[in-house]
Amino acid sequence: MLRAAAARRLLELDAAGQLTAGHVRLAASSVGLSERTMWRWLGRGRSTGEVTPPGRARFVVDEALRRRLAYWRGNVAALHRELVAAAAAGGPPAPSFATLHRAVARDLSAGERAGLRKGEHAARAFDVFLRRPAAYRNAAWEADHVEAPVEVDVEGRLVKPWVTWFVDCAANAVCGTAVTAGPPSREPVLAALRAGISLEDPYGPPGGLPELVRIDRGKDFLSKTVTAALGVFAVRVQDLPGYTPHLKGSVETLNNAAAVMFFAGLPRYTQAPRLASRKPADPDAPALTYEAFVSALLDWVRWWNTAHEMDSLGGRTPLAAWLADPAPLATVPAGDLRLFTLEDDGRRRKITTKGVQWRSRCYVGTDWMTGQVGREVRLRWMPHHDHEVEVFDAGTGEHLGTATLSDQASPEQIRALHRARGARKARLEADLRAVEKTRRQRYAAQTTPGPARPLGAVTAAEAAAELAHAELARLARPQLLPPGPPAPGWVLPRLSSGVYVWQEFRRMTREQVMQVIPAYHPVWAQARLDDIAYADTHAGHGNFRAWAKITSHAITALNRLGQQVPDQEVLRWVFSRLGGRSG
C-alpha cells in the first residue's frame with residue numbers, strides 16, 4: 001500500500017532528524033491524504049510502530065453464506081430475510097441489508113454474482129479472454145454448424161436450413177461453405193471441406209490445405225469419414241471441449257456477424273421483434289425458396305471475403321489479407337480431392353449382368369461398364385448421396401467410373417411417397433393426442449392446504465362397464481383354437497332377428513341363471529354349475545341375449561375341440577370373442 005510506504009519513509013526521516021513539514025506535505029499530496037491525516041499517522045507510528053490505522057471488523061461472506069446465496073439464485077434480499085428469520089428464532093444476529101449488500105459486492109466478483117443469478121454463460125460475460133498469437137494463412141481453420149434463424153420454402157414446407165463453414169483464422173476468410181435443408185451430417189462437412197480446399201473456380205481463393213482444423217466435439221466433424229479424409233492430407237483435428245465458443249473465436253465471430261448482417265435482413269427472420277401477443281408482425285410474409293436462400297448466402301460470403309474491410313486486418317478485406325500473406329500454399333489435385341472425401345466400406349464386389357450391387361440396390365455405369373461382368377471392384381460414395389457411387393478396381397485402385405441407381409424413382413413418385421408418409425405421421429399424432437387426453441387428470445383449485453382433489457365425474461355404470469371389459473381382456477384366450485366354420489349338425493341360436501316390438505326384461509338373478517341356462521340349450525345340460533356361474537360373472541351378467549352369444553361361441557369351440565361339455569378354458573376363449581384381448 002503506497003500510503004503505508006510513504007508513512008514509513010517519513011518515520012525514517014524523522015528518526016534521522018531530517019523530517020520537515022515540506023516532506024509531510026509532499027508525501028500526503030502524492031498519496032491522496034490530507035497533511036493533518038499524515039501527521040496523525042506519524043504520531044501513531046512514533047508511539048506504536050504502526051503507521052496505518054487499525055482495520056475495523058467488518059462482515060464477511062463466508063462459504064456457508066455463499067451457498068445460501070446460491071440457493072436463492074443470487075438474490076441478496078432473500079438471503080437477508082433468511083438471516084433475519086434465523087436471528088428471530090434464536091440464531092446469530094443478522095447484519096443490516098446495506099451491510100450484507102456491501103459484503104456481497106466486495107467479496108464476490110461481478111462474474112460470480114452473475115453466475116449465481118443466471119449460470120455459467122452469464123458469468124463468462126465478465127471474463128477476460130486472450131487472443132491467439134498471430135499466424136500465417138492456412139495455419140489453422142475453424143469449423144462449425146449454425147442453424148439459420150430464417151424459414152425458407154423447401155417443396156412447400158417451411159424449414160430452417162443449416163450452414164456449415166470453414167474459416168481461416170489468420171485472415172478471417174470463409175474458405176468453404178455448404179448448406180443443407182435439414183439437420184447437418186458428415187455430408188455437408190465433406191462438401192464444405194472440399195469447397196474450402198479447392199482453389200479452382202467457383203470455390204477459391206481462399207483455399208488450400210490447412211495444417212490444423214479446430215472443432216468443438218461435433219459428432220459430424222469427428223466421424224470416421226471426415227477424420228479419414230483429413231488424415232489422408234495429414235491435417236490435424238483439434239477437438240475442443242464442449243460449450244467453449246471462446247476457444248474458436250474466428251468462426252463464432254462469423255456466426256454472430258452473419259446473424260446481424262445477413263440473416264436479420266431476410267424475410268421470415270425468426271428472431272425479429274414480436275408484437276405484444278408474441279406473434280410475428282407479418283406471419284404471412286412470403287418465404288424465400290431454398291435456391292434463393294443458398295444463392296443469397298453465397299453472395300454474402302463472397303461480399304464478406306472481397307468487400308468487407310475489417311479493423312483487425314488493418315482495413316483490408318479477408319481475401320486481400322489472405323492473398324498478401326507470403327506463406328506457401330499446399331494444394332490437392334481436383335480429382336484426388338473428390339475421391340478422397342468419399343466413404344469406403346472396404347468390401348470387394350463383383351460386377352454382374354445387373355451392374356454392381358450396394359445396399360440391396362443395383363448401380364449401372366452408362367458407358368464404361370460394358371464388358372466388365374465378373375470384375376472385382378470397390379465402391380466409394382458421398383454420404384447420403386444414394387443416387388450414385390464411384391467404382392474402383394479392387395486390385396489396382398484405378399478409378400473406373402461413376403455408376404448410377406438403375407431403377408431410381410421419379411420425382412412424382414418421391415413426392416407421393418412423402419405425402420403418404422406425412423399423412424401416416426399426422427394420423428399417428430392425432431391418435432396419440434386423443435390417447436393423451438384420456439390420460440389427463442385435472443384437479444380442483446384450492447385456496448387452503450389439503451390433498452389434491454381429482455376432477456372428472458364417472459358414473460358407476462361407466463366404471464363397471466370399463467372394468468368388466470378389462471376383466472374380459474385379462475381372462476381372454478383367443479389362441480385356444482384356430483377360427484373355423486361351425487359343424488353342420490349343430491343348431492346355432494339366432495343372434496339377431498327382425499323385431500316387431502321390444503319387451504324389457506329384468507336381468508336374471510344367479511339362482512335363476514342356474515335353473516334356466518341348463519334347460520336353455522343341451523350344451524349347458526351337462527356343464528358344471530361352477531362353470532355356468534363363472535361365465536355369468538364375467539360375461540353373461542344375467543342377460544339372456546349375452547347368454548345367447550356365449551352359447552353360440554361355445555358351440556363353435558366345442559365342435560373344433562371335439563368336446564361335449566364346455567370348461568373354463570373354452571369359456572375364456574369365448575370371452576375373447578366377446579371383445580376381450582389376450583392378456
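Worth a mention:
Quick grid of which residues meet (1) outside the structural domain of A15 (by TED's automatic domain parsing); (2) under 24 Å from R3 (Cα atoms); (3) not aliphatic (A, V, I, L, M):
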site: S34; (1), (2), (3): no, yes, yes
site: W39; (1), (2), (3): no, yes, yes
site: R58; (1), (2), (3): yes, yes, yes
site: A88; (1), (2), (3): yes, no, no
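- Of all residues in region 263-304 being more than 18 Å from V146 (Cα to Cα) and hydroxyl-bearing (S, T, Y), the one that is surrounded by the fewest Cβ atoms within 10 Å (Cβ to Cβ): S277
- Of the listed requirements (1) under 20 Å from A143 (Cα atoms); (2) surrounded by 12 or more Cβ atoms within 10 Å (Cβ to Cβ); (3) without any contact (Cβ under 8 Å) to a residue 60 or more places away in the chain, L254 misses just one: (3).
- Identity of the residue in region 147-175, closer than 18 Å to G249 by Cβ and of a type in the set (G, A, S), that ends up surrounded by the most Cβ atoms within 10 Å (Cβ to Cβ): A173
- Unmet criterion (only one of (1) out of contact with any helix residue (DSSP H, G or I) (no Cβ under 6 Å at 6 or more places or on another chain); (2) among the polar types (S, T, N, Q); (3) farther than 21 Å from L108 by Cα) for S96: (3)
- Any hit, region 17-35, residues being within 42 Å of the chain's Cα centre (by Cα) and surrounded by 11 or more Cβ atoms within 10 Å (Cβ to Cβ): no
- Inside region 513-535, residues that are touching a residue at least 40 places away in the same chain (Cβ under 8 Å) and either surrounded by fewer than 16 Cβ atoms within 10 Å (Cβ to Cβ) or among the β-branched types (V, I, T) (or both) make up a count of 1.
- L342 falls short of the stated requirement of being surrounded by 15 or more Cβ atoms within 10 Å (Cβ to Cβ), in the same structural domain as G208 (by TED's automatic domain parsing) and under 30 Å from N138 (Cα atoms).
- Applying the criterion of at least 1 residues that are modelled with pLDDT of 90 or more and loosely packed, with under 12 Cβ neighbours inside 10 Å to the helices (runs of 4 or more DSSP H) found wholly in region 78-139 leaves 97-107, 110-118.
- The set of residues in region 367-405 being out of contact with any Lys or Arg (no Cβ under 9 Å at 6 or more places or on another chain), closer than 25 Å to A191 by Cα and of a type in the set (V, I, T) consists of T402, T404.
- Look at region 536-555: where a residue is over 20 Å from R474 (Cβ atoms) and a partner is crowded, with 17+ Cβ neighbours inside 10 Å and among the small types (G, A, S), sitting 6+ places away or on another chain with Cβ atoms under 6 Å, you get W547/G540.
- Identity of the residue in region 308-329, among the hydrophobic types (A, V, I, L, M, F, W, C) and in contact with a helix residue (DSSP H, G or I) (Cβ under 9 Å, 6 or more places away or on another chain), that ends up surrounded by the most Cβ atoms within 10 Å (Cβ to Cβ): W322
- Evaluation of A178 against (1) closer than 16 Å to L329 by Cα; (2) of a type in the set (A, V, I, L, M, F, W, C); (3) surrounded by fewer than 24 Cβ atoms within 10 Å (Cβ to Cβ) (one fails), failing number: (1)
- Any chance A416 is loosely packed, with under 11 Cβ neighbours inside 10 Å and farther than 30 Å from L337 by Cα: no
- From the options W141, W162, W72, residue that is touching a Cys at 6+ places or on another chain (Cβ under 8 Å) and among the aromatic types (F, W, Y): W141
The values are calculated or read from the model by the stated rules, or taken from the named source; none is laboratory data. Worth saying up front: this structure is predicted, and the values here are computed from it rather than measured. Here the Cβ is made from the backbone with ideal geometry for all residues, glycine too, and neighbour counts use every protein chain on show.
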